[in-house]
Amino acid sequence: MSSQQQKIIVIGAGASGIACATKLLEYGFQNVLVVEAEQRIGGRIHTIPFGDNVIDLGAQWCHGEQDNIVYELASKHDLLETTGPVYENYQCVRSNREVVPEHVANRLKAIVNDSLVTRQLELRNCSGSLGSYLSNKFYEMLRRPEYADIDERIAKEFFENYQKFENSVEASDTLDQVSGRGYLEYWECEGDILLNWKDTGFVELLRVLLRAPSFPELPQLGSLDERVLFGRRVTQIQWNRNDSRVEVLFSNGDSCLADHVVVTVSLGVLKEQHWRLFEPKLPVEKQRAIEGLAFGTVNKIFVEFPQPFWPEDWTGFTMLWREEDLQDIRDTERAWLEDVFGFYRVSYQPNVLAGWIINANGRHMETLPEDEVLAGCTYLFRRFLHWQIPEPIGFRTSAWYSNENFRGSYSYRSMETEQMGTGAHDLAQPLTVVTPTPRTVTPPQETTELPLLQTRCDKPIVLFAGEASSPHYYSTVHGAVEAGWREAKRLADFYGLPRAVKKSQL
Ligand SMILES: Cc1cc2nc3c(=O)[nH]c(=O)nc-3n(C[C@H](O)[C@H](O)[C@H](O)COP(=O)(O)OP(=O)(O)OC[C@H]3O[C@@H](n4cnc5c(N)ncnc54)[C@H](O)[C@@H]3O)c2cc1C
């Protein structure tokens, strides 16, 4: 069998799986199958119709421009647009409807921004959590004479709210879980970090990767659609067979033999299922990576109104709970609302506000009936805003934790990751078997390049991609895409296949 006939099963049709499968086809592999438990493509990219347009229940923005593969792919087709300073110019509103004066709010925002952006050197030497670092910094700055005029209660309420915001960035429950040093493992791509997909949603990226007919200028791959099995959950990967092939079992009782399997399921799924998903069990280092890397939940709440009740230049608000008002909802059925930290305008959606909720309360929201969640959100609008709030006409929330195909939103580096001394590198390592003899490599017909000579006999039979396996771009789509390409390249390198399509052609 030629190298191009090797059977490769990619588990998961999210960004990483689709990127991996399409790249494998580009390399010339012909026997590629994608298996997806959901009935749709995209995974944590989930664009749905809503309001005047579409919304993204998962990934929404391309975060940055430089060294960002998503930006590279999208900007060639002019698919992205700046979101503007929505997440900078928001109003800070207290639970008695008092709007914190802009000059006070701006100074408080500057303190927290400064703590993270310009103090990276300090974080490098920080042995504690991001939470303790930020809290020390914030209150240390506040003690300076130039901040003496700021009401301490407002500063505290602001910082409580800011921590919730930062938890949404990390997907952590509390910032005490996040490693201060580990925080720096994430590399922010330079440039605009809130680029939206205009009126198409993030799903447009998948159309680019799949060379959809709407992009006729891209070299065609042949339809990947026919190679994706939807609604097919993988229940077990038997990887230590004597013939060095892998058997994949499905929930409907079917099974399939493959030469290579690329696992792109989320870290949340791996955490819950790795002990029964792999037979035999995974090596200890891999188990430690799965257990040590952290994965948390962030959910979104979209509310559509008949028309905007806010002024044109208003971009949204964050909720600063006064201690005495929090008592109104704590110990009641509305206690979960404490962790909805703000609502913001949405690009291309004139009548929609998008809220965010974190931690255990975000997971709890997923279990509540929709009318209860909507009633809670309406309560928040009326509690915090002084305008007349109309009855919403559309409502949608995400539920990333309760779905067994995700079990959360994205990965981060926790104190436990640091203590266990594990990381993305261990997660990304393939499971290999030693092949007895070097293989003969069949050169792809369409290329004149000579195949590389194989000198190694370690055959990667189970490979791991997915956002969490990205060393510096974890928690993002560009990290997921890069990881998918990385594993496709690993297989191409193993078979000595030269690159079929140059990056610049995409
Ligand atoms: C609320 C939210 C907001 C986000 N915002 C952004 C953002 O603005 N910008 C950004 O860059 N990133 C963002 N992200 C992160 C981004 O969405 C992810 O990093 C990325 O989409 C992950 O892609 P993936 O292919 O690694 O994993 P996934 O998308 O999770 O794909 C894995 C696939 O495997 C399938 N699967 C799971 N188990 C099985 C099984 N047993 N058998 C078969 N199939 C299985 C799943 O159904 C899924 O489709 C956000 C995520 C969330 C949840």
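List of remarks:
- Pairs beyond 23 Å (Cα-Cα), from Lys459/Lys489; Lys198/Lys271; Lys281/Lys459; Lys7/Lys271; Lys198/Lys300: Lys198/Lys271; Lys7/Lys271
- Listed residues Pro85, Ile393, Ala360: farthest to the positive end of the dipole of the chain (Cβ charges): Ala360
- Applying 1/(1 + (r/R0)^6) with R0 = 56 Å to the Cβ-Cβ distance of Ala148 and Trp275 gives a FRET efficiency near 0.50.
- The simple spin-label model puts a point 7 Å past each Cα toward its Cβ; for Glu370 and Asn113 those points are separated by 3.8 nm.
- Gained length - Ile48 relative to Asp243, 0.36 nm times residue gap less alpha-carbon distance: 65.8 nm
- Per-residue Cβ neighbour rank within 10 angstrom, fewest leading, His63, His472: His472, His63
- Ala171 sits among other residues whose Cβ lies under 15 Å from its own Cβ, and their net charge, with Lys and Arg +1 and Asp and Glu -1, is -2.
- Longest stretch of the chain clear of exposed loop sites (GluC sites (Glu not before Pro), DSSP loop, at most 13 other Cβ atoms within 10 Å, sites excluded): 89-189.
- R0 of 60 Å, Cβ-Cβ distance Asn136-Glu217: FRET efficiency to nearest 0.05: 0.70
- Remark: the Leu326-Phe230 segment gains 30.0 nm on full extension, using 0.36 nm per residue and subtracting the alpha carbon distance.
- Neighbour counts of other Cβ atoms within 10 Å put Val284, Val228 in the fewest-to-most order Val284, Val228.
- Alpha-carbon centroid distance for the pair region 267-315 / region 1-76, whole angstrom: 17
- The lysines within cross-link reach of Lys137, meaning a Cα-to-Cα straight distance under 17 Å and a gap of 8 or more places when in the same chain, are Lys109, Lys156, Lys164.
- Summarising the label geometry, the points placed 7 Å from Cα in the beta-carbon direction at Glu285 and Ser75 lie 3.6 nm from one another.
- Simple spin-label estimate for Gln429 and Ser2 in nanometres, 7 Å along Cα-Cβ: 3.5
- Here the chain has an Rg and Dmax of 24.1, 76 Å, counting Cα atoms alone.
- Cα gyration tensor, region 104-185 - rounded (a/c under 1.5), prolate or oblate: prolate
- Relative contact order [Cα under 8 Å, 6+ residues apart], the chain, whole percent: 25
- For Val99, Val208, Val352, order by how many other beta-carbon atoms lie within 10 Å, fewest first: Val99, Val208, Val352
- Around His364: net Lys/Arg minus Asp/Glu count, Cβ-Cβ under 13 Å: -4
- Each residue of region 193-203 was assigned a 3J(HN,Hα) from its phi angle through the Karplus curve 6.51 cos²θ - 1.76 cosθ + 1.60 (θ = phi - 60°); the sequence is 9, 10, 8, 9, 9, 6, 9, 9, x, 5, 4 Hz, with glycine and proline shown as x.
- The calculated FRET efficiency for the pair Arg97 and Ile193, based on their C-beta separation and a Förster distance of 41 Å, comes to about 0.85.
- Using the alpha-carbon positions of region 2-119, Rg (one decimal) and Dmax (whole number) come out as 21.4, 71 Å.
- Where trypsin sites (Lys or Arg not before Pro) fall in DSSP loop in region 120-195, at most 14 other Cβ within 10 Å: Arg143
Here, each number is a calculation from the coordinates, and none is a lab measurement. From a predicted model like this one, the values you see are computed outputs, not experimental measurements. A quick note on method: Cβ atoms are made from the backbone with ideal geometry, for glycine too, and the neighbour counts reach across all protein chains shown.
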